[in-house]
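Visitor: Structure incoming, see below.
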Amino acid sequence: MNMTRREALKKTAVLGAAAAFAPGMIARGNAAEPVNGFQLMDLPYAFDALEPAVDARTMQIHYEKHHAGYYRKLNAALKELSPPASLEALLAGPELSDAVRNNGGGAYNHNIFWKSMAPVGNGGGGEPTGDLAAKLRKDFGSVAEFKEQFSKAAGSVFGSGWAWLIVRESDGKLVVVSTANQDNPLMKSVTPPDQVGRPLLALDVWEHAYYLHYQNRRTDYISNWWKVVNWDEATERLGR
Ligand code: MN
């Protein structure tokens, strides 16, 4: 690529970022750039929709740079292989290369994470109801106890990782687990059997998820996250 074209692209990227940062604008997947492989999902709300719990700048960088990057690298890693039926099937398989484990995990985990949140007044926050509330009470004793266990798991991840609410595969119970890096509870080949299951909620506690706004205050990030948690999504996933 010559300098002129590179500069032109750089300029376009800067202008594009400025335009995409406009309040209220819905972020789209990189539809202008056809991808041969798995496709980055559209963000289900605007970058600023979860303010102040999750700030717009963090949301935009997290989605456009981090999440898109996992997809790009995953597709590059899969180029030589026959395409798997689904991301879920790929991650649950008997063997994971480092590239698929890290980038396939990063792609999948953020899909769950974005959907685990919704704007206040449009599905975010409040308390769980219906089947999910009943099952949380049955398996944790109370919703408050579940939230405490989940917050503790998220706060206790050393370094980069995730907290999850899952339906455990072995006994169908709702349990809280945490994973390191971009591992997740679908990855049977690298996960203890009692932590394998189907995710209902995911919370990203990598520093890139909160550092711009919260700096080192991960505990504040976690407590504010409950204000935008999407219980309806978790309820819907429970019923699948
Ligand atoms: Mn992340």
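Visitor: So, in region 101-129, exactly how many residues are within 16 Å of the chain's Cα centre (by Cα) and not in a loop (DSSP other than H, G, I, E, B)?
Guide: 17
Visitor: Another one. Just checking, does region 168-181 include any residue being more than 17 Å from THR58 (Cβ to Cβ), among the basic types (Lys, Arg) and surrounded by fewer than 18 Cβ atoms within 10 Å (Cβ to Cβ)?
Guide: yes
Visitor: Now a separate question. Residue under question is ASN224, and the condition is that it be on the phi < 0 side of the Ramachandran plot, polar (S, T, N, Q), out of contact with any Phe, Trp or Tyr (no Cβ under 7 Å at 6 or more places or on another chain) and free of Cβ contacts under 8 Å to residues at least 60 places away in the same chain; does it hold?
Guide: So ASN224 does not fit the description; no.
Visitor: Which ones in region 86-121 are open to solvent by 40 Å² or more (accessible area, probe 1.4 Å) and polar (S, T, N, Q)?
Guide: Once the filter is applied, which keeps residues that are open to solvent by 40 Å² or more (accessible area, probe 1.4 Å) and polar (S, T, N, Q), region 86-121 yields SER97, ASN102.
Visitor: A follow-up question, please. Can you give me the ranges of the helices (runs of 4 or more DSSP H) entirely in region 130-215 with at least 2 residues that are away from the ligand (no atom under 16 Å from the Cβ)?
Guide: Because the criterion is at least 2 residues that are away from the ligand (no atom under 16 Å from the Cβ), the helices (runs of 4 or more DSSP H) in region 130-215 that meet it are 130-140, 143-156.
Visitor: Considering only region 216-240, state which residues are assigned to a loop (DSSP other than H, G, I, E, B) and surrounded by 18 or more Cβ atoms within 10 Å (Cβ to Cβ).
Guide: Hits for region 216-240: nothing passes.
Visitor: I would also like to ask the following. Taking the residues in region 63-85 that are open to solvent by 20 Å² or more (accessible area, probe 1.4 Å) and more than 16 Å from ASP98 (Cα to Cα) as candidates, determine which candidate is nearest to the ligand (Cβ to nearest atom).
Guide: Ranking the candidates gives HIS66 first.
Visitor: Any residue at all in region 122-144 that's touching a residue at least 60 places away in the same chain (Cβ under 8 Å), surrounded by fewer than 17 Cβ atoms within 10 Å (Cβ to Cβ) and farther than 22 Å from GLY239 by Cα?
Guide: There is no residue in region 122-144 that is touching a residue at least 60 places away in the same chain (Cβ under 8 Å), surrounded by fewer than 17 Cβ atoms within 10 Å (Cβ to Cβ) and farther than 22 Å from GLY239 by Cα.
The values are calculated or read from the model by the stated rules, or taken from the named source; none is laboratory data. Computed from a predicted structure; not experimentally measured. Neighbour counts are summed over all protein chains in view; Cβ atoms, including those assigned to glycine, are modelled from backbone coordinates with ideal geometry. Ligands, DNA and RNA are excluded from the accessible area calculation, which covers all protein heavy atoms including side chains. Shrake-Rupley method; radii C 1.70, N 1.55, O 1.52, S 1.80 Å.
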